[in-house]
Amino acid sequence: MGLHKAAGNSNLRACWLLVAGVSALAIALQFGGEQVREALAYTRDGVAGGELWRLVTGHFVHLGWTHMWLNLAGLALVVWLVGGVFGWVRWLLVLGLTVLIIDVGFWFLYPNLAWYVGLSGVLHGLLVGGLLKGVVERDRESMILLGFVLAKLAWEQFSGGPLPGSEATSGGNVIVNAHLYGAVGGALAGTLLWRSARSTRPI
């Protein structure tokens, strides 16, 4: 992508190191099996009972090996597309705000959700956060790709379910609201970073 080529190699290298860290964590947790997954998954009852770590750890455990590898492949794709647009500190901010918005959405807007695992919501946030920078800079490829992402989100919300075949591939129910909340979190993070950069730009 245009953004990917224009960004410094140092940004991209740092981003791949973050991907390696997230991947190592997800793989290590997956080796823990069902016991670890049950202990770390987002569960509404668990969070209500004070197990607040589930708000973070639920995004890094998976239904199974196939689900995990699909999510990690998605993470690699996001980095390939937009990984160079931010340094690692800003990507951590995008990640943190995306996780926060997903959790807030689950808790306040989706009270019927009892259980959730996986990175898919976070992936949507990272992608949208990176694409937003390109949109602001009038990068045509970013605009087109963001249009596809928005179309996918609209399909999931208004058709009443995920893209055909996605549940069979992942091995369980796809929580499409996680994708929506993640995208909102990424958009918010991207906007805040853009405004911050704009306010510090010399006149």
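The values are calculated or read from the model by the stated rules, or taken from the named source; none is laboratory data. Bear in mind that the values here come from a model prediction, so they are computed numbers and not experimental data. Quick reminder, even Gly has a Cβ in these numbers, built from the backbone with ideal geometry, and neighbours come from all protein chains shown.
Quick look at the values:
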{"read-out": "Condition met for Leu123 (aliphatic (A, V, I, L, M), buried (at least 21 other Cβ atoms within 10 Å of the Cβ), in contact with a helix residue (DSSP H, G or I) (Cβ under 6 Å, 6 or more places away or on another chain) and within 30 Å of Thr43 (Cβ to Cβ))", "value": "yes"}
{"read-out": "Number of the exception - Gly161 against (1) assigned to a helix (DSSP H, G or I); (2) touching a residue at least 12 places away in the same chain (Cβ under 8 Å)", "value": "(1)"}
{"read-out": "Subset tally (residues that are free of Cβ contacts under 8 Å to residues at least 60 places away in the same chain and assigned to a helix (DSSP H, G or I)) for the range 136-149", "value": "7"}
{"read-out": "Meets criteria (part of a helix (DSSP H, G or I), under 17 Å from the mean Cα position of the chain (by Cα), surrounded by fewer than 19 Cβ atoms within 10 Å (Cβ to Cβ) and not hydrophobic (A, V, I, L, M, F, W, C)) for Lys152", "value": "yes"}
{"read-out": "Identity of the residue in the range 31-53, of a type in the set (A, V, I, L, M, F, W, C) and in a helix (DSSP H, G or I), that ends up nearest to the chain's Cα centre (by Cα)", "value": "Leu40"}
{"read-out": "Flag for Phe60 being in a loop (DSSP other than H, G, I, E, B), modelled with pLDDT of 95 or more, among the aromatic types (Phe, Trp, Tyr) and out of contact with any Asp or Glu (no Cβ under 6 Å at 6 or more places or on another chain)", "value": "yes"}
